[in-house]
Structure formats: structure tokens, C-alpha cells
Amino acid sequence: MGAATNFTIWWRPGAPCSLCVEAITHGDNFSQHTGVRKIVINNNKKNMKELFINDFKVIFPELFLIIATIVLLIYGVIYSTKISENGTKPAILIRNTTWLGLITIIITGLLIINNPIKNTIFFYNCLVIDELSTLLKILVLVSTAVSIIISLEYFKQEKINSFEIIILILLSCSSMLLMLSSYDFISMYLTIELQSLSFYVLAASKRDSEFSTEAGLKYFILGAFSSGILLFGCSMVYGFTGITNFEELAKIFCNIECLQSDLPVVKLGILFLAVGFLFKLTAVPFHMWAPDVYEGAPTFITAFFAITPKIAILGLFLKLFLFSFYDFLFPWQQIILICSVSSMILASLAALSQRKIKRLLAYSSIGHMGYILMGVSCGSLEGIQAVIIYLVVYVIMTMNVFASVLSLRSNKAVFITDLRLLSKTNPMLAINLTLILFSMAGIPPLAGFCSKFYLFFTALGSSLYITALIGVLTSVISCFYYIRLVKIMYFENDARVGPSATRGLAYEPMDREKSLIIAITFFFVLFFFIYPYPLFLVSHKVALSFML
Amino acid sequence: MGIIYDIPKYKVIDPSPNFITTVGNFSFDDIKTITGLTAASTFGGYLAGASNGLRGPSGAVGLTIGVIGGFMVAYQSSFGRLMGFTENSGDVAAYTPMKRQVWND
């Protein structure tokens with residue numbers, strides 16, 4: 001890569017050479033000369049320091065996000081501690097930094113879309129840009145922006161004044177963008193750790209709440225443990241192959257079926273890697289931390305946890321297992337299938353007994369991860385497409401649900417019985433929640449049904465008949481706890497005695513930002529079945545570019 | 001050093017343009033992009049500062065973010081045209097040819 005450097009042509013004077021003339025013109029081949037002349041053709045002179053110019057060009061989105069985060073941090077530090085001239089307290093910066101953070105995310109998205117280089121490997125094969133990473137990066141940015149937007153009113157109600165929350169969200173977003181570009185074990189681990197460290201602090205961000213502190217501590221301990229297991233898996237694979245790059249691993253393991261029985265170390269490494277990833281994805285049996293952390297963390301942080309990191313971890317998971325370890329499909333497919341089936345069954349059964357909204361949504365997200373893992377275990381192009389479609393629909397549904405839950409925070413809706421008679425106090429919100437819960441249950445013709453339908457079809461196409469059957473049965477079971485919420489909203493009367501019997505939900509107008517998010521996601525879920533082609537086309541294109 | 005798998009669809013003026021070349025190739029649209037993003041970001045920051053009386057500093061932060069972001073977007077557009085990934089007929093027509101020097105002994 002790069003233009004030619006300076007070069008010199010010599011020939012003897014006196015004898016004209018038409019080819020030399022042509023050589024001078026084109027700067028390429030020259031025949032035998034009879035003259036000696038020194039020709040120096042100046043091209044664009046390149047030296048060592050310019051070898052990596054193209055590498056820095058493609059990393060602009062992440063670079064901009066990190067620089068803007070640092071600028072916001074400096075701004076926050078200066079003005080959060082500055083006493084004004086008339087002696088009043090330092091300014092409250094949380095709303096300020098939130099809007100500036102949103103501007104940052106919009107410009108980062110613009111940089112990703114405007115990048116003229118769509119497929120490249122850079123920084124010594126540590127990072128990659130391809131169609132899958134570009135699509136998922138845009139999804140990460142959209143979900144981060146939505147998570148920030150729906151938290152604006154929450155900051156006001158709960159009187160939160162820590163601008164550092166936005167800084168941590170932006171840092172974790174930058175780590176997730178880099179995670180989606182990872183092409184090496186080292187870059188993968190560094191980005192996972194950067195994201196995890198931000199998340200541990202975010203989980204404990206409500207410092208006057210014991211639940212939040214407990215959630216942060218649990219997340220930290222279990223997250224560190226899972227990161228250690230992930231690193232151990234990386235070290236085993238590296239110890240056997242001497243390679244950390246995903247593409248090199250794919251080349252080494254190409255057509256290795258005959259030798260798989262002689263590679264127990266690699267299989268063990270893959271097992272540890274899978275366990276590390278499944279921890280982060282809250283898949284059964286590594287899901288124990290999720291309900292407690294989701295319940296204890298502040299609600300807007302729970303929304304962020306439920307939506308955004310799963311996109312990044314799944315993208316990385318797909319890249320590593322369906323690219324580098326594709327030739328070990330049968331061993332790791334069994335592991336993923338067991339976790340998928342367990343997640344679907346346990347989430348649907350455990351959620352039946354939940355009484356709190358956030359814990360119910362935590363088990364719901366565990367169940368959805370089970371469905372997504374079923375698509376991953378297919379190991380086919382249609383499987384990747386089904387995963388992408390399900391992920392997009394899941395993200396949009398979850399945005400809506402958490403926006404709705406946050407709009408009820410002023411009434412302190414903690415238990416599911418707090419939703420009773422929401423149909424009378426806030427009928428529009430009740431209709432919205434009803435539709436989204438029906439969609440999550442997979443009731444046609446909503447978006448959730450379309451994504452599940454395609455996923456089950458793909459599973460059947462990959463001969464995963466039992467898994468698809470279990471998926472359908474657990475969908476039916478999960479209908480119960482989703483529709484129970486609808487029943488509480490529409491038919492539960494005031495006379496019922498429960499943990500929150502004395503509380504009721506009075507009508508409170510929703511803020512403009514949340515209502516916009518709820519409206520957009522509502523109409524997407526409602527009308528997706530009419531014109532699903534754009535998402536199907538984009539996901540198919542991304543899956544094709546990934547597999548080929 | 002990276003490997004770019006994309007095949008340029010347009011004429012390649014410079015496959016690896018450096019900073020000076022890229023900035024020197026900024027078109028009027030690129031300048032408009034920088035100006036527009038900076039203005040929008042500054043205005044957004046100014047409005048964001050209304051809630052706590054920090055309009056000025058918030059606007060300055062918006063300006064900083066807008067300038068950096070706008071410059072990067074314009075830089076992307078410029079090197080995309082130079083590397084032949086985006087439409088660049090204007091740049092091809094305007095680009096000066098390579099200089100040649102011949103010395104006689």
C-alpha cells in the first residue's frame with residue numbers, strides 16, 4: 001500500500017532511446033540504455049511515519065468519542081468544583097453534560113456512516129472494520145443515545161448530580177465500539193475490561209442506596225471472575241497455537257476435523273472462552289448476577305445494561321466463534337445449545353414467580369438471550385441473519401419497555417401490582433405497554449413474532465428440531481407473565497391486597513423526550529410486519545459479507 | 001500497516017494521502033460541513049447550558065466538540081475522494097500532476 005518512492009534511472013548519453021523517453025513518461029519499465037543520465041522522478045515521497053496514516057483515518061469515530069469524552073470530563077471537573085463569584089454553590093452539570101454527550105454521540109454516528117473505508121484490517125491486524133461491525137456500532141450508538149435521553153427526567157426526579165455518569169456511559173460506549181472492531185485476543189480483552197470497569201461503577205452510581213452498592217459489588221466480583229475465565233481461555237488457545245489474531249486462528253484451524261480429537265487443549269480453551277462470553281451475555285447457568293444487579297442498579301442504568309452491552313458482546317461472540325472457531329462448530333454448538341435451552345426454560349419459569357418489575361424484565365432478557373443463542377448455534381448464514389433481526393427487534397422493544405417503566409418512576413412503580421388500573425390513569429401508556437408485552441411474547445403480527453418466527457425457521461433449517469420445539473413451548477409459557485401484566489393494568493381492582501396495596505398510580509404527564517422514544521418504538525413494533533424488507537435485506541447483506 | 005479490502009470505484013489520486021495533502025484537498029462542501037457542525041454543536045451546547053446558567057462555557061465545549069467532529073468528517077470526505085472511494089471528478093480535474101526533474105550530466 002502506498003505510492004512508489006523515489007527511484008533513479010541511469011543511461012549512457014549520445015544514443016537516443018525511445019523506450020527511455022517512454023520510461024521517463026511512465027516511470028516504469030526501461031530497456032537497455034546507451035546513455036548515462038540521471039533521472040530522478042519525484043513521486044509522493046513516503047517515509048516510515050506515514051505508513052500508519054490510513055490506520056488512524058478509519059479509527060476516527062472512536063478517537064472522536066474518546067477526545068470528546070475527555071473534553072466533557074475536563075469541563076465537568078472545572079465547573080462542578082468552581083464556586084461562582086457571588087459565593088453560590090457549583091452548578092448542576094448533569095443535564096448539561098447529557099445534552100453535550102448526545103451531541104457527541106450524533107457526531108460519532110456521522111463519522112461511522114461517512115467513513116469511506118468499509119472493509120479493512122488495521123493496527124497490525126488488531127482491529128477490523130466490516131459490515132457487521134459497522135451495523136452493530138450504529139445500533140450501539142442509537143441504544144446509548146436512547147438510554148441517555150430516557151434518563152433525563154430520572155436525573156431530575158432522583159436529584160442526581162453526578163456528571164461522571166455520562167462520562168462513564170460515553171467511555172463504555174467507546175469501548176463497545178472498539179470491541180466490535182476487535183480482531184485479536186488482546187484488543188478483545190482490553191475492550192471488554194474497559195467496558196466492564198465502566199459498568200461496575202455505573203451499577204454502584206447511586207451512592208446513597210445500599211441496593212446500588214450491593215449491585216455494583218456483585219457485578220464487580222462476578223464480572224472479574226468471568227473476565228479471568230475468558231483470559232484463561234485466550235491463554236490456552238494462544239499457548240497451543242502461538243497466535244492471538246482471529247484470522248490467523250481461522251487459517252490454522254481450517255479443515256481440522258480429522259485432528260479435533262487430538263486437540264483437547266484447544267477445545268478446553270474454547271470452552272473457557274464460551275463460558276466467559278456467556279457470563280457477559282447473562283445466559284443460564286451464568287445468569288445469577290443479572291436479576292440482582294438489574295434490580296439494585298438505578299433504573300436508567302438497568303435500561304442501559306439490558307440494551308447496549310449485549311449488542312457488543314454478541315458481535316464479538318459471532319466474530320470469534322463463527323469465524324475463528326468455525327471448524328470447531330460441533331463441540332461449541334453443543335455448549336451454546338445447552339445454554340440456550342436452559343436460558344429459555346429457566347427464564348420462562350423463573351419469571352412466573354417474580355413480583356418486581358425490574359427482576360421480571362431481567363429474567364425476560366435472559367430468555368431473549370436464550371433465543372438469540374439458538375440463532376448463533378445454527379452456525380449458518382440464516383442463523384446470523386436471524387440473530388441480527390432478533391437483536392434489532394429486542395433492542396427496540398426493550399427501549400420502549402424501560403422508557404415506559406421510567407415514566408412511572410415518579411409514582412415509584414416497583415412491584416408489578418403497582419401497574420394496576422394503569423388503563424384508567426394513563427390509557428395511552430397502557431396500550432403501548434400492552435402492545436410491547438404482546439410483541440415480547442411473540443404474538444402475531446407484531447415485530448417480536450416476526451423475529452421469533454424467522455429464528456425458529458432457521459433453527460429447523462439447521463436440524464435443531466428439539467431446540468425449536470422448546471423455544472416455541474417456552475414462548476407460550478412466557479406469554480403467561482407478559483399477559484399477566486396486561487391483566488393487572490386492565491382488570492386488577494383496588495380491593496386486592498398486596499405488598500403495595502396502599503399505593504396507587506396517579507396520572508403524571510410524561511416528558512417530551514420519553515414520549516418521542518415510546519412513540520417511535522411503538523410504531524416500529526406495530527407496523528414492522530407490513531414492510532420488514534429493509535431490515536431483512538440489511539441483515540442478509542451483513543451476514544453474507546461476514547460468511548464469505 | 002493496514003490492509004484495505006475495498007476496491008476504489010473512482011480514479012485513485014493518492015492511495016495514501018498524508019495530512020497536508022488531505023487538508024489541502026478540502027472542498028467548499030467540506031468547509032461547509034465543518035462550519036455547519038460547529039455552529040450546530042455550539043448552539044446545542046449554548047442551549048444545554050441554559051438550565052444551569054453556564055451558557056458560555058457550555059457553548060465553548062459545544063464549539064470544541066463541533067470543530068473537532070466537523071474537521072474529522074471533512075477529513076474523511078477528503079481522503080475518500082483522494083483514495084477513489086467516493087465520487088471525485090472535481091478533484092481529479094483540479095489535482096496538479098506529479099513533477100518531474102531531469103538532470104543532464
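The values are calculated or read from the model by the stated rules, or taken from the named source; none is laboratory data. Computed from a predicted model, the values in this text were never measured in an experiment. Neighbour counts run over all protein chains shown; Cβ positions are idealised from the backbone, glycine included.
With A:A403, A:A362 as the choices, which residue is of a type in the set (A, V, I, L, M), part of a helix (DSSP H, G or I) and either touching a Phe, Trp or Tyr at 6+ places or on another chain (Cβ under 9 Å) or at positive phi (or both)?
Numbers: A:A403 fails: either touching a Phe, Trp or Tyr at 6+ places or on another chain (Cβ under 9 Å) or at positive phi (or both).
After applying the criteria, what remains is A:A362.
Return a yes/no flag: does region A:327-344 have any residue that is out of contact with any Leu (no Cβ under 9 Å at 6 or more places or on another chain), in contact (Cβ under 8 Å) with a residue 24 or more places away in the chain and within 22 Å of A:L180 (Cβ to Cβ).
Checking region A:327-344: not a single residue is out of contact with any Leu (no Cβ under 9 Å at 6 or more places or on another chain), in contact (Cβ under 8 Å) with a residue 24 or more places away in the chain and within 22 Å of A:L180 (Cβ to Cβ).
Residues are listed down the side, and each one gets a yes or a no for (1) of a type in the set (S, T, N, Q); (2) at the interface with chain B (Cβ under 7 Å from one of its Cβ atoms); (3) under 26 Å from A:L548 (Cα atoms):
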residue	(1), (2), (3)
A:F64	no, yes, no
A:K82	no, no, no
A:I112	no, no, yes
A:Y124	no, no, yes
A:D130	no, no, yes
A:K137	no, no, yes
A:S143	yes, no, no
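Go through region A:438-459 and report how many residues are more than 23 Å from the chain's Cα centre (by Cα) and among the charged types (D, E, K, R).
Matching residues across region A:438-459 total 0.
When you look at B:G66, is it buried (at least 23 other Cβ atoms within 10 Å of the Cβ), at the interface with chain A (Cβ under 7 Å from one of its Cβ atoms) and not aliphatic (A, V, I, L, M), yes or no?
Numbers: buried (at least 23 other Cβ atoms within 10 Å of the Cβ): yes; at the interface with chain A (Cβ under 7 Å from one of its Cβ atoms): no; not aliphatic (A, V, I, L, M): yes.
No, not satisfied.
Limited to region A:222-244, what total is found for residues that are of a type in the set (G, A, S) and under 17 Å from A:C126 (Cα atoms)?
Just the residues of region A:222-244 that are of a type in the set (G, A, S), to begin with: A:223-224, A:226-228, A:233, A:235, A:239, A:242.
Cutting the leftovers down to under 17 Å from A:C126 (Cα atoms) gives us A:235, A:242.
Count: 2.
For region A:89-110, enumerate the residues that are in contact with a helix residue (DSSP H, G or I) (Cβ under 8 Å, 6 or more places away or on another chain) and more than 7 Å from chain B (Cβ to nearest Cβ).
If the condition is that a residue be in contact with a helix residue (DSSP H, G or I) (Cβ under 8 Å, 6 or more places away or on another chain) and more than 7 Å from chain B (Cβ to nearest Cβ), then A:P90, A:I94, A:T97, A:T98, A:G101, A:L102, A:I105, A:I106, A:T108, A:G109 are the ones that fit.
Just to be sure before I move on: is A:Y482 aromatic (F, W, Y), closer than 18 Å to A:Y371 by Cα and either at pLDDT 95 or above or out of contact with any strand residue (DSSP E or B) (no Cβ under 7 Å at 6 or more places or on another chain) (or both) in the structure I sent? Walk me through how you get there before you give the answer.
On the way: aromatic (F, W, Y): yes; closer than 18 Å to A:Y371 by Cα: yes; either at pLDDT 95 or above or out of contact with any strand residue (DSSP E or B) (no Cβ under 7 Å at 6 or more places or on another chain) (or both): yes.
Taking the combined requirement at face value, the residue satisfies it.
Tell me, please, whether a residue that is touching a Cys at 6+ places or on another chain (Cβ under 6 Å), closer than 30 Å to A:I307 by Cβ, assigned to a helix (DSSP H, G or I) and touching a residue at least 60 places away in the same chain (Cβ under 8 Å) can be found in region A:265-280.
Initial filter on region A:265-280 (touching a Cys at 6+ places or on another chain (Cβ under 6 Å)): A:278.
Among the residues that remain, those that are also closer than 30 Å to A:I307 by Cβ are: A:278.
Next, from what is left, pick out any that are assigned to a helix (DSSP H, G or I): A:278.
With touching a residue at least 60 places away in the same chain (Cβ under 8 Å) added as a condition, the list becomes A:278.
Yes - at least one qualifying residue is present in region A:265-280.
Show the residue pairs meeting these rules: Cβ distance below 6 Å; 6+ apart or different chains; first residue within region B:36-55 and more than 7 Å from every other protein chain (Cβ to nearest Cβ) and closer than 18 Å to A:F163 by Cα; second residue buried (at least 17 other Cβ atoms within 10 Å of the Cβ) and among the aromatic types (F, W, Y).
From region B:36-55, the pairs are B:R55/B:Y46.
Test of understanding: among A:I366, A:I338, which residue is closer than 20 Å to A:A468 by Cβ and surrounded by fewer than 19 Cβ atoms within 10 Å (Cβ to Cβ)?
Numbers: A:I366 fails: surrounded by fewer than 19 Cβ atoms within 10 Å (Cβ to Cβ).
The match here is A:I338.
Has region A:225-241 got at least one residue that is closer than 27 Å to A:Y394 by Cα, of a type outside the set (F, W, Y) and touching a residue at least 60 places away in the same chain (Cβ under 8 Å)? Show your work before the answer.
First, pick out the residues of region A:225-241 that are closer than 27 Å to A:Y394 by Cα: A:226-227, A:230.
Next cut, of a type outside the set (F, W, Y) only: A:226-227, A:230.
Checking which are touching a residue at least 60 places away in the same chain (Cβ under 8 Å) leaves us with A:226.
Within region A:225-241, one or more residues are closer than 27 Å to A:Y394 by Cα, of a type outside the set (F, W, Y) and touching a residue at least 60 places away in the same chain (Cβ under 8 Å).
Would it be correct to say that A:K356 is charged (D, E, K, R) and buried (at least 22 other Cβ atoms within 10 Å of the Cβ)?
Details: charged (D, E, K, R): yes; buried (at least 22 other Cβ atoms within 10 Å of the Cβ): no.
When the stated conditions are applied, A:K356 does not pass them.
Only one of (1) surrounded by 19 or more Cβ atoms within 10 Å (Cβ to Cβ); (2) of a type in the set (S, T, Y); (3) over 23 Å from A:M176 (Cα atoms) is not met by A:S226, so which one is it?
Every condition holds for A:S226 apart from (3).
Residues that are modelled with pLDDT of 90 or more and either closer than 30 Å to A:L73 by Cα or not small (G, A, S) (or both), at least 1 per element: which helices (runs of 4 or more DSSP H) completely within region B:15-105 meet that?
On the way: elements: B:19-24, B:28-48, B:55-82, B:89-94.
The helices (runs of 4 or more DSSP H) meeting that bar are B:19-24, B:28-48, B:55-82.
What is the one condition in (1) at pLDDT below 95; (2) assigned to a helix (DSSP H, G or I) that A:P445 does not satisfy?
Only one criterion is unmet by A:P445, namely (2).
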